[in-house]
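Here's the structure we're looking at; comments come further down.
Only the coordinates and a few stated rules stand behind these numbers; no lab work does. On a predicted model such as this, the values are computed, not experimentally measured, just so you know. Cβ sites come from the backbone with ideal geometry, for glycine too, and all protein chains shown count toward neighbours.
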Amino acid sequence: MTNKPDLEQRLRDLKLLRQVKDRIDREYAQPLDVEALARGVHMSAGHLSREFRKAYGEPPYSYLMTRRVERAMTLLRRGDLSVTDICFAVGFGSLGTFSTRFSELVGMSPSAYRDTATRGDVGIPPCVSKQVTRPIRNGEAKVPDPYIS
């Protein structure tokens, strides 16, 4: 049975974790690291990572990368910016890191995604498109086997 002080502390921690998540959602394109996020809520980086994973299913850095990829997917579907411009617009520091992380989460390169997405979602409302095309977290995207036809 949980006593009242433990429950109150857990609720305070959840409030702080929500603040971190909201900050990532708001400032995803800014240079953010776990240490800076932890300082903002007066926690250690290790404690923040453990508690964030417990609450949201992944550590804060992974959540940040997923958020950046989600935004990149939206910009790629629009089709009016280059992959390089999108890479830097969503907060990645290098095109290689962006392409690698994007491919891990989505299962294809940013260029391939843009080619597929700009043909495939014509007439679909953006709110539905965003939900259906949300990247799979924690590297679970399946890369198609080139030998299977």
Assuming R0 = 35 Å, what is the FRET efficiency of residue 111 and residue 25, from their Cβ-Cβ distance, to the nearest 0.05? 0.85
Tell me, what ³J(HN,Hα) does each residue in the range 26-32 have, in order and in whole Hz, if you take phi through Karplus 6.51 cos²θ - 1.76 cosθ + 1.60 with θ = phi - 60° and put x for Gly and Pro? 7, 10, 4, 7, 8, x, 10
Quick calc of log₁₀ I(q)/I(0), the range 1-122, Debye, one scatterer on every Cα, no solvent, q values 0.11, 0.19, 0.21, 0.23 1/Å, result -0.45, -0.97, -1.10, -1.23
Under the 7 Å Cα-to-Cβ spin-label approximation, residue 85 and residue 12 lie apart by a distance in nanometres of 4.8
Förster radius 41 Å - calculated FRET efficiency between residue 44 and residue 95 (Cβ-Cβ, nearest 0.05): 0.80
Note, the range 97-108: 3J(HN,Hα) by Karplus (6.51, -1.76, 1.60, θ = phi - 60°), whole Hz, Gly/Pro = x, goes 5, 4, 4, 5, 5, 4, 5, 4, 7, 9, x, 7
Give the dimensionless ratio obtained when the Cα radius of gyration of the range 4-61 is divided by 2.2 N^0.38 Å. 1.08
